[in-house]
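*Asks:* Quick one: structure below, then a few questions.
Nothing in this text is a laboratory measurement; each read-out follows from the coordinates by a stated rule. Worth saying up front: this structure is predicted, and the values here are computed from it rather than measured. Because the Cβ atoms are built from the backbone with ideal geometry, glycine has one as well, and the counts that use them run over all protein chains shown.
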Amino acid sequence: MSKKANKKDIAVIGTGRFGTAVVEQLVSMNRYVLAIDADEKNIMEVSRMANSVAVADGADIEGLRGLGLEKFDTVIVGISDNIEIIAALLEIGVKHIIAKAKSIRHERVLRQIGVDIIVRPEAEAGIRTAIIATNSSFIKYSEGLQEVGDGYAIGTTIVKNASWFDQELKDMRFVNMGVSVVSLNRNSKVILPQGNLVMRENDKITVIGKIQNITKIFEEANGYEATSEVKMNKVTDKPLKRRVVTNKMIKQKAKQTK
């Protein structure tokens, strides 16, 4: 690596499917990325997109120092078996570490040893699929969504409803609907929301709230009235009624159809 690292540079250790996707996204966001992997074949695959690449053992302290990783703003560990790698990063003084966990237990261990941010891609993909299955309009109108726990999600959509144009944020029903606007993007400029902020056509708003409430906001932002499914989608503490199908029931049903 010939370039001197600065505060905005990011290193990614492990360039499998997850790591490669991270590298590709970071580069698209104009971030300088150093990709590291012990497998030269993986590095060859990612070298077409990363700014710099290195074939190295992520747990080799001297090797990490030689790459100057202690000077990077953030190091992302995209390998599941990563305890030794994280220990090495902590020893050389990396300030911000994002790591991939393969289970809740693994996540707990990573948190205990000092990892800043932990992701579980498989679990997040499962949550995303469940959200899509139960709230198709959510993914239809959202540019990006992330489940943040306890039934809450954060997502972004574009304002196309003419009745929203020229309305001040404080006069809209976001709070009453259990949703908070966390940011607004207008002409590629991020604006922190204030009560007197006036909504414009094609504003991109990022909101956080319960999934069913965000769905309703997205419907309205795009000029559609919330569907009856969304209107009736209330959170309840009542236990779900489950129908258990046994082999005996299946055999009886088969006899009836003969």
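*Asks:* Among Met199, Met172, Met29, Met44, which comes first, second and so on when ranked by fewest other beta-carbon atoms within 10 Å?
*Replies:* Starting with the residue having the fewest Cβ neighbours, the order is Met29, Met44, Met172, Met199.
*Asks:* Right, another one. Given a cut-off of 24 Å, what percent of all Cα-Cα pairs of region 10-120 lie beyond it?
*Replies:* 15 percent
*Asks:* OK, next. Show me, for region 11-18, the HN-Hα J-couplings you get by feeding each phi into the Karplus relation (A = 6.51, B = -1.76, C = 1.60, θ = phi - 60°), rounded to Hz, glycine and proline as x.
*Replies:* 10, 10, 9, x, 10, x, 4, 5
*Asks:* Loop only per DSSP, at most 15 neighbouring Cβ atoms within 10 Å: give me the GluC sites (Glu not before Pro) in region 1-72, ordered by residue number.
*Replies:* Of the GluC sites (Glu not before Pro), not one in the loops of region 1-72 has a Cβ with at most 15 other Cβ atoms within 10 Å.
*Asks:* A further question on this structure: Would you mind checking the pairs Lys8/Lys210; Lys8/Lys170; Lys100/Lys210; Lys102/Lys210; Lys41/Lys100; Lys100/Lys170 and listing those with alpha carbons more than 31 angstrom apart?
*Replies:* Those over the limit are Lys8/Lys210; Lys8/Lys170; Lys100/Lys170.
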